[in-house]
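Read the structure below first, then the notes.
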Amino acid sequence: MSVSFLISQAKGIQKVIDENSAEIEVLDQKIGDGDHIFNIQRGLKLVVELEDSIKDLPLAKALNMIAMKVLSGIGGSSGALFGTFFMTMAKSPDLDKDVDFNKACEMIISGIKAMKERGKADVGEKTMMDVLIPVSEKLNELKNESEFKSGLNEVIKIAEERMLSTKDMLATKGRASFLGERAKGHIDPGARSSQLIIDTICKSVINN
Amino acid sequence: MKKFINNNDDFLKESLTGFGKAHSDIINVNLDPSFVSRKNKTKDGKVSLISGGGSGHEPMHGGFVGHGMLDAACPGFVFSAPTPDQMQAAAEHVDSGAGVLFIVKNYSGDIMNFQMGAEMYSGKNDSIVTNDDVAVEDSTFTTGRRGVAATVLVEKIVGSLAEHSGSLEECKKLGEKVNKNAGTMGVAFTSCTVPAAGKPTFDIGDDEMEFGVGIHGEPGRKREKIQPSKTIVGNILEAILDNLKPEKNEKNLLFVNGMGGTPLTELYLVYEDACQILQSKGVQVTKSLVGNYCTSLEMQGASITLLKCDDEILKHWDSPVHTAAMRWGM
């Protein structure tokens, strides 16, 4: 993981999220309040715009700047959760040394753990954590493998399955939780956007 | 979408700047990070009250900054929780050393961002979370009720206690009591349109209403055919009374809140219906509030809040207040 990797991922994710924005917006209007897609799009735009100010910085500093930008520029649950994610990644030890696949996995795992604590949500509660926690568990299995590309294909599959599994869940966290039974039958918009993010990153790593 | 708007990116900034100019005798507006604070510095020893939330609920919360209510308010983007740096900057700006009480509506984004703001603020602080919306039953399927219009009452009543030298602990305790004594439920006839979305948040038929709607247009209990006001009001009150169970001799405050698109004429009609129904059930109404206080952009609809009042609550309700949206006694 490097600063240029972060920037290129942000750009790739921005493209995919923009392509799927109408779908996510509709999902959020069904069971949420419709702000999720705008928050994610605003956050990605802000991060992509950071390119010139972070491209020559050490990784820890760049991650911190991304964290503060996300935290102060987005708002809503997404801002707090993704801000927490980047802030935690920035605190990882030895970021001045080479960050290999194993190390990158550990950073992502610790970031997702911090999101889980911040949102106090676990698997089965119809939130983005339904995608991110299983992904983090899979990365924990994969991190020491030298042949990780086939494993990333499994990550893609897990993210998709777990995203789809939110459809029939009752929500107990987030705005959808206020709906009880009425939230059933709709995929959680946060789970969908997270799945798209995971999908984009994994595919880009596999193809490079 | 038909709105007074120049371009979406400047929507909030332009509105806040106008708010600051229109009420420059009471408040200041700080941009980047945005917060509204009182014109005058918090007096030494007075606990500071800070609230905030997504914009689009005006006059909540900026309109409640001033003597007898809030010390500062942090507006987020439309319907999105504000960010921790706003809370931190507002707290640093207003705290006179007696501590800060954050008043937070129970929505996950607000909870998380206020928590982070509180962690980032080094001074003494505490928080209360409002959750007065009875539309969502406390069941195994729901962990929490939404914080809605009763937040206005919490801010007024706790604001008075803070003005009368209440400590941080006492302010928190009173705020929790008011929240516990209050129940709210709302109904929407039309959707609202978030400027960034450009189209209505939900579709609703000309003859339909969303019963138990949230303050962002998020769905409530059920979609129904529209009915006469007395029936709607009766159903709302039934849900609230079922939850609050006021005693026969207890005093109550009845608050009819407009969602933004319903004229006052109708809100007063709702108030009249509610008074009659409550009287027939032997529920005493001794205080009133009617108007648009906790809105959902241009949504047509209203919410009703009932607050059970003891002497302490009544005293702090009546005490003087001078804010952009609420003023009496001074």
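Structural remarks
- Extreme residue, surrounded by the fewest Cβ atoms within 10 Å (Cβ to Cβ), among residues of the range B:76-93 that are of a type outside the set (Gly, Ala, Ser) and out of contact with any Gly (no Cβ under 6 Å at 6 or more places or on another chain): B:GLU92
- Qualifying residue in the range A:6-20 (condition: surrounded by fewer than 23 Cβ atoms within 10 Å (Cβ to Cβ), without any contact (Cβ under 8 Å) to a residue 60 or more places away in the chain and within 27 Å of A:ASP168 (Cβ to Cβ)): yes
- Residue selected from the range A:1-35 under the condition assigned to a helix (DSSP H, G or I) and touching a Lys or Arg at 6+ places or on another chain (Cβ under 8 Å), by the criterion nearest to A:LEU179 (Cα to Cα): A:ILE31
- Unique residue being of a type in the set (Val, Ile, Thr), part of a loop (DSSP other than H, G, I, E, B), in contact with a Cys (Cβ under 9 Å, 6 or more places away or on another chain) and outside the structural domain of B:VAL100 (by TED's automatic domain parsing) when the list is B:ILE215, B:ILE204: B:ILE215
- Checking each residue in the range A:72-89 for being modelled with pLDDT of 95 or more and either away from every other protein chain (no Cβ under 14 Å) or more than 17 Å from the chain's Cα centre (by Cα) (or both) picks out only A:MET89.
- Counting only residues that are without any contact (Cβ under 8 Å) to a residue 12 or more places away in the chain and either in contact with a Phe, Trp or Tyr (Cβ under 9 Å, 6 or more places away or on another chain) or buried (at least 24 other Cβ atoms within 10 Å of the Cβ) (or both), the range A:21-37 holds 2 of them.
Listed here are the residues, each with its yes/no results for (1) part of a loop (DSSP other than H, G, I, E, B); (2) in the same structural domain as B:GLU250 (by TED's automatic domain parsing); (3) crowded, with 19+ Cβ neighbours inside 10 Å.
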| residue | (1), (2), (3) |
| --- | --- |
| B:LYS287 | no, yes, no |
| B:VAL290 | no, yes, no |
| B:LEU297 | yes, yes, yes |
| B:SER303 | no, yes, yes |
| B:LEU307 | no, yes, yes |
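- For the range A:48-64, taking the residues that are surrounded by 18 or more Cβ atoms within 10 Å (Cβ to Cβ) and more than 16 Å from the chain's Cα centre (by Cα), the one that is nearest to A:GLY111 (Cα to Cα) is identified as A:ASN64.
- Put simply, of B:ASP71, B:ASP110, B:ASP44 the only residue that is among the acidic types (Asp, Glu), more than 10 Å from chain A (Cβ to nearest Cβ) and crowded, with 24+ Cβ neighbours inside 10 Å is B:ASP71.
- Being assigned to a loop (DSSP other than H, G, I, E, B), hydrophobic (A, V, I, L, M, F, W, C), at the interface with chain A (Cβ under 9 Å from one of its Cβ atoms) and under 20 Å from the mean Cα position of the chain (by Cα) holds for only one residue in B:VAL148, B:VAL136, and it is B:VAL136.
- Tabulated pairs, the range B:281-297, first under 15 Å from B:MET60 (Cα atoms), second part of a strand (DSSP E or B) and of a type in the set (Gly, Ala, Ser), C-beta under 8 angstrom, 6+ apart or interchain: B:GLY291/B:GLY258; B:ASN292/B:GLY258; B:TYR293/B:GLY258; B:CYS294/B:SER303; B:THR295/B:GLY258; B:SER296/B:ALA188
- Test: B:GLN284 is touching a Lys or Arg at 6+ places or on another chain (Cβ under 6 Å) and polar (S, T, N, Q): yes
- Qualifying residue in the range B:18-28 (condition: among the polar types (S, T, N, Q) and more than 14 Å from every other protein chain (Cβ to nearest Cβ)): yes
- Exactly one residue out of A:LYS45, A:LYS69, A:LYS120 is surrounded by 16 or more Cβ atoms within 10 Å (Cβ to Cβ), farther than 20 Å from A:VAL205 by Cα, within 11 Å of chain B (Cβ to nearest Cβ) and charged (D, E, K, R): that is A:LYS69.
The values are calculated or read from the model by the stated rules, or taken from the named source; none is laboratory data. Quick caveat: nothing in here was measured; it's all calculated off a predicted structure. Glycine gets a Cβ as well: all are built from the backbone with ideal geometry, and neighbour counts include every protein chain shown.
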